[in-house]
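Throughout, read-outs are computed from the coordinates displayed, never taken from laboratory work. On a predicted model such as this, the values are computed, not experimentally measured, just so you know. As a convention, Cβ positions derive from the backbone with ideal geometry for all residues, glycine included, and neighbour counts pool all protein chains shown.
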Amino acid sequence: MDALAALREAIGDAARPAGDADAVAGVPARFVAAPASTVETSAVVRAAAAHDLSIVVRGAGTKQHWAAPPREVDLVVETARMSGIVEHAAGDLIAIARAGTPLHELQHLGDQQLALDGPIPGATIGGTVAANTSGPRRMAYGTVRDLIIGITFVRADGVVAKAGGKVVKNVAGYDLAKLLTGSYGTLGVITECAFRLHPRPAATATVAARAATPEAVGAALSGILGARLAPTAVEVDAPASGGFTVSVQLAGVSVESRVEAVQRLIGGESIEAPQWTYPWDSGDAGLKLTMPLSRIPVVLQAVLGVRERHGVALHVSGSIGTGVLYAGLPATGDVAAVVKDLRSVCESVVVLTAPASLRAGLDLWGPVPGLELMRRIKARFDPDGRFAAGRFVGGI
Amino acid sequence: METATRVADRLRGRVRLITDRHELRTYECDGLAQYKVIPALVALPRTTAEVALTVQACAEAGVPFVARGSGTGLSGGALPHADGVLIVTAQMRDIVAVAPDDERAVVQPGVINLDITRAATPSGYYYAPDPSSQQICSIGGNVAENSGGAHCLKYGFTTNHITGLEIVTPDGAVERIGGRAPDPPGYDLLGSFVGSEGTLGIATEVTVRLTPLPEAVRTLLAAYATTDEAGAATSAIIAAGIVPAAIEMMDALAIEAAEAAVHCGYPEGAGAVLIVELDGPQSEVDAQFAMVTQLCEASNAFALRVAAGDEERALFWKGRKSAFAAVGRISPDYIVQDGVIPRTALPEVLRRIAEIAAESGVRVANVFHAGDGNLHPLVLFDDAIEGQAERAEAVSGAILDLCVAHGGSITGEHGVGMDKAKYMPRMFTDGDLDTMQLLRCAFDPDGLANPGKVFPTPRLCGEVPGRHRGVHPLQEAGLAEVF
């Protein structure tokens, strides 16, 4: 039996030969399989393993150009048919969703929400977890790893595994949900996730104020943190054209007095909550910078220096409240030099996305402490290197 | 004993050791005192290098090791191995740095949980995870168990407050992961390590997130005739979109014990008391508190007290915090159970616990984190009376079955350790447990780190099978990278 026949035996017509549109980051695929359930996913992976097929998982395909291109793609496992909310237990503030569910379906669940910002519209739960994307509200709510309480996934040998559960308080066994979070599809096919939810606040407000210099941004941050206003987000936006805007998001039963307190501290005015997205367009290079809070002014100063030194239109925006900034620049700029300069002042700089031609010449991840341990984990979970080979750190 | 002697020989003069059998007995159990095993050797390292040396010596001799912080754990996680080395981190007590500008503190594993808060308070910060044993438990132990506490409803658990770790892996190597900045690249090794109960290595330095001290804290105590009514009040608070810092509940038996022990003065005749604490910005706390008070009144509370200040708040909490120890006054022996259920199942589960208790003639006092469904049934018995211990054990197990049947967990905070390893198959399939152990094999292929804990059936790690796809041997050996 050939591979396609084996896949069709597993899930019928939901397995087909791949077309040009199924290429992953420019790497052509041979087959596509779209299982409708965890059981079907297991059957698909078993069939793939029996025919030694390499696998890349695709949700909405919004991050195909993230990380390194896979070394090869025999089979694209598509999660579109595994969509929908399995359970929303409002009284327990939890929800369980299949991996192919669009993130936005969980962002508004009646009076409740999965308090996770989705920077890319249309992204699925599975992709969001696999890439560990987050936005401004991570300051108050945490990121995927803080919100995920249970996971179901299919291993490289087709075995189905669950970890965690559907209660928030749970220390039984290893927290594999965290291991799978941000693993870029290299450890298994995520089929279902359980999350803790939060109430949707009755009131929200955003105050935005200009800051003239990196030091002023730092001072604004210190002032806000010291005032104990419990902001939902404290962000900076530094467009390539110059200047800094600090914005503070507040949420809760009542926000008026805190809005006034923010204005007393940093000036500015109340604005409509901005629709946050990454500071880059398709075709640009997109970077993720992390730093301790106290280094934010130094990093922003370095950004100014980088713009001047390399003549690049570098746009930086992100969470000064947590020390995670995103930077975008046109691919025509000297991306490698920019990354190198930023790496000398940041804790880490990861090239999240860049055109394929550029990625080949870049060290996408920078230094990765614990890489040897990570290789050992990969070797145990996926000894044949079946999943997303080459996409991740250290060529994993 | 032979091989432990080899380890002692390697370490003598370089790491403080205890070899005298009488002194070794001090370490024969942790907070789960009914299980005692005398270790072959105790090591008391003072530095990361000494921990690494000790683990290396164990690895070379093929001797198992168990890590112990303050020894307050309630699941036997630090129960020694009779042929192994107990590595005690209690001497590693330095607070390396308190950095309020980064909202971080860096501490050695033996530092007491509450001492981190004490060190941070002058800067307006504190360390949020607050297990009831926080005056004596160590941060290293907290990391191993992913400890929670009453305030984890709002603030999360240890794993949500660790941004960096230095660990000694079971082969004796030292790894540093993360630090003061968030999101280190690659797999979430921090998230994998926290809560791994000493089976993946030993934490030798911990970088924690500090939380700003809230502007305002308000606490109320509500008394109800029944736990059902108190549970309904809890549900109403959650449904109103409020996430308090803590919601704790005690039933009549627990209240009786607490009163006898610490004279907390809870309203007389209460079938249940609810302690609700809100914290945050003043305006927000005021607004939420008004709502919570109203909801408690509407839910048939027959007494409602609002703490007028820190002293009164401490008094409200005194009863709750002393509850475990307090039952010692109304019963010679007891089992502290730890299970989780979905909050909405609370009334049903409490009813069943009462039925089970009555059927077996065993008393059960209930104390729990009502906000997140984490139950601590205190199963009372008298060991001196024949058969009572067995019946208490059976009731304790039945309660765990109840938790799993309702979609909950066999442990919310205390860990699996050796105490609950046998219950893991009730919550997880063979495939689930096998998969978790893949992680264990990656860190500890020789099975030397805290063997016998967490998993009922150890997985043989063996050779890593399979070919690798197109990976250059140099790359595979970590000698080259593909850019």
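Using the alpha carbons alone, the radius of gyration of chain B stands to its Kirkwood radius in an Rg to Rh ratio of 0.99. Remark: the stretch B:227-275 projects, on average over all directions, an area of 3.6 nm² (convex hull of Cα atoms). For the stretch B:402-440, the residues whose backbone nitrogen is under 17 Å from a point 7 Å from the Cα of B:Ala389, taken along Cα to Cβ, are B:419. The separation of the stretch A:304-356 from the stretch B:176-217, counted between C-alpha centres, amounts to 26 Å.
Phi-derived couplings, Karplus 6.51 cos²θ - 1.76 cosθ + 1.60 at θ = phi - 60°, listed residue by residue for the stretch B:275-280: 10, 10, 10, 10, 9, x Hz, with x used for Gly and Pro. Kirkwood-type hydrodynamic radius, chain A: 22.1 Å, calculated from all non-identical alpha-carbon pairs. The HN-Hα couplings worked out from phi for the stretch A:248-263 by the Karplus form 6.51 cos²θ - 1.76 cosθ + 1.60 (θ = phi - 60°) are 10, 9, 10, 8, x, 5, 9, 10, 3, 5, 6, 4, 4, 4, 5, 5 Hz, whole numbers, x standing for Gly and Pro. The chymotrypsin sites (Phe, Trp or Tyr not before Pro) of the stretch A:141-175 include none that meets both conditions, a loop assignment by DSSP and at most 14 other Cβ atoms within 10 Å of the site Cβ.
Set the Förster distance to 51 Å, then compute FRET efficiency between B:Arg351 and A:Ser37 from the Cβ-Cβ distance, nearest 0.05. That pair, B:Arg351 with A:Ser37, gives E of 0.90. Okay, which of the stretch A:180-207 sit inside 20 Å, backbone N to the point 7 Å along the Cα-Cβ direction of B:Glu215? From the stretch A:180-207, the list is A:201-207. Given their separation in residues at 0.36 nm each and the Cα-Cα distance between them, A:Asp281 and A:Glu256 gain 5.5 nm when the chain is fully extended. Considering only A:Ala211, A:Gly165, A:Leu314, and ranking their Cα positions along the charge dipole of the protein assembly as shown that arises from unit charges at the beta-carbon of Lys, Arg, Asp and Glu, the one farthest toward the positive end is A:Leu314. Helix-only arithmetic for chain B: the sum of -39500 (n - 2.57) across DSSP H runs with n ≥ 4, divided by the residue total, places the mean residue ellipticity at 222 nm at -10000 deg cm²/dmol. Positive-end ranking of B:Leu315, B:Ile353, B:Gly76 along the dipole of chain B, with charges on Cβ about the Cα centre, is headed by B:Gly76.
Taking amide H positions as modeled 1.01 Å from N, with prolines and chain starts lacking one, the residues under 5 Å from B:His151 and 5 or more places away or on another chain are B:Asp130. Distant-in-sequence amide contacts of B:Tyr126, defined by a placed amide H-H separation under 5 Å and a gap of 5 or more residues or a different chain, comprise B:Thr211, B:Leu213. Spatially, the stretch B:250-315 and the stretch A:5-40 are offset by 58 Å when compared through their Cα centroids. Using every Cα-Cα pair within the stretch B:95-212, state what percent have a distance larger than 26 Å. So the portion of pairs separated by more than 26 Å is 11 percent.
Sparsely packed loop sites in the stretch B:379-429 (the GluC sites (Glu not before Pro) outside DSSP H, G, I, E and B with at most 14 other Cβ atoms within 10 Å) comprise B:Glu386.
In terms of other Cβ atoms within 10 Å, B:Ile247, A:Ile271 run from fewest to most in the order A:Ile271, B:Ile247.
Here the contact order of the stretch B:331-416, divided by its residue count and restricted to Cα pairs under 8 Å and six or more residues apart, works out to 42 percent. Summary of the geometry: the stretch A:88-155 and the stretch A:167-196, compared by the centres of their Cα atoms, lie 12 Å apart. About its Cα centre, the dipole of chain B is roughly 700 debye, where the only charges are +1 on Lys and Arg Cβ and -1 on Asp and Glu Cβ. Counting only Cβ charges, +1 for Lys and Arg and -1 for Asp and Glu, the dipole size of chain A around its Cα centre is about 780 debye. At q = 0.19, 0.20 Å⁻¹ the log10 of I(q)/I(0) for the stretch B:215-323 amounts to -0.90, -1.00, computed by Debye summation with a single uniform scatterer per C-alpha, solvent ignored.
Determine Rg/Rh for the stretch B:331-416; Rg is computed over alpha-carbon atoms and Rh is the Kirkwood hydrodynamic estimate from the same atoms. Rg/Rh for the stretch B:331-416 comes to 0.96. Taking only the Cα atoms of the protein assembly as shown, the radius of gyration and Dmax are 27.0, 84 Å. Maximal additional length on extending the A:Glu372-A:Ile120 stretch stands at 87.5 nm, based on 0.36 nm per residue less the C-alpha distance. Extension gain for B:Arg118-B:Asp20 works out to 31.7 nm (0.36 nm per residue, less the C-alpha to C-alpha distance). Residue by residue, the stretch B:89-99 carries 3J(HN,Hα) couplings of 9, 4, 7, 8, 10, 7, 8, 5, 7, 10, 10 Hz when phi is fed to the Karplus relation 6.51 cos²θ - 1.76 cosθ + 1.60 (θ = phi - 60°); x denotes Gly or Pro. Taking the charge dipole of the protein assembly as shown about its Cα centre, with +1 at Lys and Arg Cβ atoms and -1 at Asp and Glu Cβ atoms, the residue from B:Ile237, B:Ile255, A:Pro17 reaching farthest to the positive side is A:Pro17. Shown for B:Met424, A:Met1: other C-beta atoms within 10 Å of each C-beta, ranked fewest to most, produce the order A:Met1, B:Met424. Around the amide H of A:Gly150, modelled in the peptide plane, lie the amide H atoms of A:Gly165, A:Ala194, all under 5 Å away and 5 or more residues distant in sequence or on another chain. Each listed q (0.15, 0.22, 0.23 Å⁻¹) maps to a log10 I(q)/I(0) for the stretch B:23-121 from the Debye sum over equal C-alpha point scatterers, namely -0.66, -1.07, -1.12.
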